[in-house]
Structures are given as C-alpha cells and as structure tokens.
Amino acid sequence: MDTNFNPEKQHTLTQSIQISGTGLHTGVLVDMILKPANPGFGIQFQRTDLPNKPVIKADCDLVTDTSRGTTLQVGDAKVSTVEHILAALVGMGVDNVLIEVNGPEIPIMDGSSAPFIELIEKSGVQEQDAAKIWYSLDENIYHYDDGKRVEMVALPAMDYQITTLIDFNSPVLGTQHAGLKSIKDFKSEIAPCRTFCFLHELEMLLENDLIKGGDINNAIVVVDKPITDAEMSRLAKIFKKDEIAVKSEGYLNNLELRFPNEPARHKLLDVVGDLALIGYPIKARIIANRPGHSSNVEFAKKIKQYIKKNKHVKGVPTYDPTIPPVYTLEQIEKTLPHRHPFLLVDKIIELTDTYIVGIKNVTFNEWFFPGHFPGNPVMPGVLQIEALAQTGGILCINSMPEGKYDTYFLKIDNCKFKQMVRPGDTMVLKLEFMGPIRRGICEMRGTVYVGGKVATEADLVAQVVRRADN
C-alpha cells in the first residue's frame, strides 16, 4: 500500500488484468482475469466457462469444502483454492473486484500470494468515492475445536492484527508463531510465504491422484519420517529434479525457505484469506492457535453472525444533552415551514455535508396520543417517517446555494418499523445522503434510534424547490 492510501475509502483496481496458471489439485490450466467493480460490489468470482456464467460471492456461508484449501460453491458451480488470491486482495486494500476464471480452481502459482500482489500492483489500486465501513467488536469472539486442538479468538482492537501459532508435534517444525501488526506489512512479511505439507500427506495425495498440478515445487515439504533410497529416487522424478535430498533442517531440497518460520507465516496468510469471507472489513486482534481452513471458515461464520446481529449499532449517534445543539428550535423554524403541533424535530445535534442527526423528545402530552391507541400510547409510524423527513429537509436545504427552499416528499422505500416508540423515548433521527443531489432530487437513508437500537428505517426521496418569495 502506498503512503497516500486512505483506509476509510473503498478501493478497486485501476484496470482489468490477467494471469494464467495451473490448479494444484485439479491440474487444470486456468485463465484468471481481475476486473474493477463498483463500490459495495465486494469480491465475487465468475465461472466464465460454465453456462450462464454463474457468479459466486466470496462468502463463508457458500463454503462447501475445506479439505485441501477453501472451496466456494453455488449450485453446481464451484471455485476452489480461493484463499491466496483473497489474502492478496485484503493485503492490498482492494474491496471491490470481479474475478473471472475459466476453470474450477484458482492457479496455485508459487504457493503464496506474492504473484497476485504483483498482479494487483501492475493494475494499480484506485480509490472510490464511497466510505469503507469498518466493523469493530465489543466483546471477544471464540472458536474451539477440541478434536483438532484449535483455539481462535477475535479481540476488540483499533486495527486489524493477527497472530498465528502452529504446533504439529513435529521435531522439524517445532512450535512456530508469526504476527502481523498492520495490514500494511502483509506484502513484505506474509505474502511471499508458500504453502507447506508433510511428506506423509504428500505421498497420500500423490497415491490418490489428488495433486495434478504437475510441478509441485510450490510447496515446502516437511520430512516427518525416514526415507528409503527408492523413495528418494521416486520423489526426484515427481519433483523433476536430478536428485532429491533432506536438508539438515528437515525439509526437502525442492526449494529454499524465504523465512525461518515460513510455515507459520503461511498459516497467517490463510487466516487473512479465509477471514475475507466474513464479507465485512473488521478491526480486531485475531489470535489463532493451530488454525486450518475448516476452523478459519467456522470462525469467519461466527464473526459474520456477530456483525449481522450488531450491525445496527454501527454508526449509532450518541446524544449528549449537555452539548449545545447545532440548530436550536428557533433556527429549525427559520429553515422549515412546519410549526406546532406538526414540527416533529426539537433540535439538530450534528450536521455535515453528508449526514444530519436530529432529536425528537416524545412526551405523554403529544397531540396524537389521546386518539392513537388510547390507554396504550404508541407513536404512529407515519409520524416517525415525517420526523425523519423534516430532519432530512434541513440536510437537503443546507446543501443548496444561498436562498430559501422547501422540500417535498417524492418516494419512501424499504420502510421497516422494528420497535414501538412510546412516551418518554428520545428519538435520535439520522439521515445520510445516498448520493449527490441531482436536479434538486435528494436520496437519503433515514434511521430512527431509540435507546441505541433501530426503531424505524426507510429510504426517502425528496425534491428541493426554491421558494417563490426569494
């Protein structure tokens, strides 16, 4: 990431770019094209070789296999070994991209994310005119798998940090750990680290014809048992080398280690890639002890569920009555044509060029309570929408040139009432522009919060009209 990279904005690629390679497990030569995508698109794969060219979103709920890498599937369409390209995209801060592949598996390249990082750098990363919403945690999220002795935890943090620990009871690997203090370090510290496997796993995969990628010099092979001369010569043929040997550190000499703890760093790379399947950018400190693809995906599902459950808390405005308002009631009356009893916003506490926050204190002596559910006072939903509309009117008018304006409702969409508003409640009214004002037409997202929870939400469209008496 360059020094001017703004993590608060969404990013895509500057241009489409292609790479070709063989899938490690399927042996199929695949062309992969990364294409720019609009804000909010996320990361999606498209199988261009299949009828109707099905699209598969990078989503933990679509994972169907984690036995040898992470596989996503919708219907009969699947794409496997997605973790290394996903990790590269996260590491480079790319939020929105369409990945076209004409085969069932992402190319393995050298077994790391480095070739994909180079590809993304060649294309260039482009900032988009859309905010990137980061999700924080208010509590620890745990995942345990006693059978695999896996422990994972996500802790609340100001940044995205990851620590991995691996321990395979192997005298060669020993206990290794790796850390990523900032995603900015991913390219240099984590991306070049290649996948690894144990010799007994490699032999099982070869015997069952589960590695068809031809050249397997993209994996670190850990020798966890004595090898006979006959086996050595058989491995030399497979690796297409004159001779194969075991180094003093206990690795085959098919490649040189890039870091002493390269296996632990690659496990961290896999965690970055698999947790991209949460579908939401998070700020958390992840500690993963003995992680693997299946555990990573289960952990991603837990974090995704937590975010979906607590999503409404994101961006909840805080109301401190001791702070002077931005607009008092008198200033509101100078902006809006509404008056008592139909003025439904008491003060404005925040106002920027993109959003506004207003307050409406609901009391028992409101004019509508005697006739609306007598004995069970509930504020009519239509008046909650009116309160939002009046608050949004101030946002729209504030964005116009000098002069006096009125706002008129054109449309209400996606309106939902989630909890009742009763006497004694304080309604916090938040309106956000969904795009720039065009020809006086304003599109806004409106939310009513009561007690920090969403009571009502709707998309509002209004027209700003200059007053005739200007």
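At a glance:
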read-out	value
Of all residues in the range 450-462 being surrounded by fewer than 17 Cβ atoms within 10 Å (Cβ to Cβ) and in a strand (DSSP E or B), the one that is farthest from the chain's Cα centre (by Cα)	VAL461
Number of positions in the range 231-283 that are closer than 27 Å to ASP167 by Cα, part of a loop (DSSP other than H, G, I, E, B) and either modelled with pLDDT of 95 or more or touching a helix residue (DSSP H, G or I) at 6+ places or on another chain (Cβ under 8 Å) (or both)	3
Selection count, the range 263-306, where residues are of a type in the set (Asp, Glu) and crowded, with 24+ Cβ neighbours inside 10 Å	2
Whichever residue in the range 102-134 is outside any loop (DSSP other than H, G, I, E, B) and in contact with a Lys or Arg (Cβ under 6 Å, 6 or more places away or on another chain) and, among such residues, is surrounded by the fewest Cβ atoms within 10 Å (Cβ to Cβ)	GLU127
Any pair with Cβ under 9 angstrom, 6 or more apart, that starts in the range 274-287 at a residue that is in contact (Cβ under 8 Å) with a residue 12 or more places away in the chain and ends at one that is charged (D, E, K, R) and part of a loop (DSSP other than H, G, I, E, B)	LEU277/ASP59; ILE278/ASP59; GLY279/ASP59; PRO281/ASP95; PRO281/LYS132; LYS283/ASP159; ALA284/ASP159; ARG285/ASP159
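The values are calculated or read from the model by the stated rules, or taken from the named source; none is laboratory data. Since this is a predicted model, take the numbers as computed values, not measurements. Methodologically, a virtual Cβ is constructed for each residue, glycine included, from the backbone with ideal geometry; neighbour enumeration extends over all protein chains shown.
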